[in-house]
Amino acid sequence: MAGTSGSDAPKYFEIPFFESVNQNFDKAAVLLHHPKGLLDQIRACNSVYYMQFPVRIKGDIQVISAWRAEHSHHKLPCKGGIRYSENVNQDEVIALSALMTYKCAVVNVPFGGGKGGIKINPRNYNEDELERITRRYTVELIHKNFIGPSVDVPAPDYGTGAREMAWIADTYQTFAGNEIDALACVTGKPIPQGGVRGRTEATGRGLFFGVRETLNDIDVMKKLGMPVGMDGKTVIVQGFGNVGFHAAKFLQEGGAIITGIIEWDGAVVNPKGIDVMALDAHRKSTGSITNFPGSTTIKEGNSVLEYECDILVPSALESQITDRNAPNIKAKIIAEGANGPIVASAENTLLSKGILIIPDMYLNAGGVVVSYFEWLKNISHVRFGRMDKRFEESGNLRLVSVVERMTGKSLTLEEKNLLVRGADEEDLVNSGLEDSMITAYHEIMDIWKSRENVKDMRTAAFISAIDKIAMSYFQMGIFP
Ligand code: NAD
């Protein structure tokens, strides 16, 4: 490992985050028959770069700490977000990069896991300062070969978004000279800078597909004693950021009732349901979700994690459900939108209460699936649907004309448009995402349902990931 250790683990961890990930890995690994050396290699973090660099802030020089971890090089490029948070530390970045390795394997995305972090509170900096920090971080990554379309491809995470990704892409392009695929160095970019339609909402949409698939699984619902389907299921969401907002929006559109939303400065609850779009508008106009008309504000926001509901969606940060609050959780399903929201030691408490945990490495993989599509778009230099949309439409039109002629009936213009319309980029991205989430769900469930010694969905997901990564090593001929 390069660099020094950033061992300032935040106090909210009961055990170090990477250890927590590895405990879950080990729980699955003992059920498999792979050589010990191979399992050690899969679980180890291949490289981590710790950097400190100066940035001019308000006339002074500030030294910024940052990391980039590449957990696994079994497939390249590495892939994973960059987060801006005062709590970022080396253990967290490595743990999140490990989760990315397993996540990519679970949803059949051909990347290794990576993760980056800058130890800042973005609220303390203006836009110019954030741009300087982001560009300087990118230059550090370039110098150490920790970024590039075939090496390591960052994406947004907690505290970052399309704006930061655009700065990274521009900095990389400036240094890359004539590299034709330079734009593929980062995903989650704005559309005019090579982004793909559907990326912003991809993680929340993917979560929706995963929850929908679970709620439609007759065996699982029978075990939980719940009626099949999403209609009328009550949901509490922690974190109203990119993942939480979109998850809440799609779940509500799918028929669920959002009874609580938790943010850092308080929560809002309403047993009859919260209008997600209206809450978003309220937050935009007041700066907070609290005091939303028609709902009750709870000052101690995280106490709402313990409220009665069918589905709890932690989508803020890791280590939110710990040994302290796990005994009080009343949800029947925990749908992990965030990475690592449940500490490993609290998991048994939840499982023994019969709670179904839909694991992060599957459920929040929508972002990396669509990032993969963005990367494919960037290296193929063509928008999805550009070659075939019109061709598909003219074929559909011919079919409609034949049906009209044969039946002697004319369709309305609205009906015709509906039948004729060819798939555009967003349609194709959403369809690819839906297919990826459904396929991965059934791969995990086949393992869970067919092996008696697999007791929970996370272990089944780990088995799915470990087997696929092991296969890559076997194919490389590294392990006999
Ligand atoms: P974000 O910054 O857009 O949103 C996070 C939200 O959580 C913010 O609104 C923040 O105010 C809120 N929050 C912070 N502390 C809180 C607390 N103690 N209680 C309640 N709310 C709190 O970040 P995001 O991109 O939505 O990421 C959230 C989580 O999802 C992270 O764990 C991230 O690693 C994971 N994730 C994100 C993506 C993605 O595509 N963005 C993909 C996979 C996983």
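Taking 51 Å as R0, compute the FRET efficiency from the Cβ-Cβ separation of V30 and L376 and round it to 0.05. With a Förster radius of 51 Å, E is 0.90.
Counted by neighbouring Cβ atoms within 10 Å, the residues E86, E414, E425, E336 run from fewest to most as E414, E86, E425, E336. Between the C-alpha center of region 173-237 and that of region 398-441 there is a gap of 23 Å.
Here the spin labels are modelled as points 7 Å beyond Cα on the Cα-Cβ line, and at D60 and F391 they lie 6.1 nm apart.
Taking a ≥ b ≥ c as the square roots of the eigenvalues of the alpha carbon gyration tensor, region 423-480 is oblate, as a/c is not under 1.5 and a/b does not beat b/c.
A cut-off of 5 Å between modelled amide H atoms, ignoring neighbours fewer than 5 places along the same chain, links G81 with G116, A155. Within the same chain, lysines fewer than 8 places from K222 are excluded, and of the rest, those with a Cα less than 25 Å from its Cα are K233, K330, K332, K353, K449, K455. By its C-alpha gyration tensor, with a ≥ b ≥ c as the square roots of the eigenvalues, how is region 158-315 shaped: rounded for a/c under 1.5, else prolate for a/b larger than b/c, else oblate? Oblate. Straight-line cross-link reach from K389 at under 22 Å between alpha-carbon atoms covers these lysines, not counting any fewer than eight positions away in the same chain: K377, K416. The separation of region 317-365 from region 123-171, counted between C-alpha centres, amounts to 31 Å.
The modelled label-to-label distance for the pair D265/E414, using points 7 Å beyond Cα in the direction of Cβ, is 4.3 nm. Look at C78, C45 and count the other Cβ atoms within 10 Å of each Cβ; fewest to most, that gives C45, C78. Among the chymotrypsin sites (Phe, Trp or Tyr not before Pro) found in region 64-153, not one is both in a DSSP coil and sparsely packed, with 11 or fewer other Cβ atoms within 10 Å of its Cβ.
Pull out a ≥ b ≥ c, the square roots of the eigenvalues of the alpha-carbon gyration tensor of the chain, then state rounded if a/c is under 1.5, prolate if not and a/b is larger than b/c, and oblate in the remaining case.
It is rounded, given that a/c, with a ≥ b ≥ c, falls under 1.5.
Every number in this text was worked out from the coordinates using simple rules, so none of it is lab data. These numbers come from a predicted model, not from an experiment. So basically every Cβ, Gly included, is an ideal-geometry build from the backbone, and we count neighbours across all protein chains shown.
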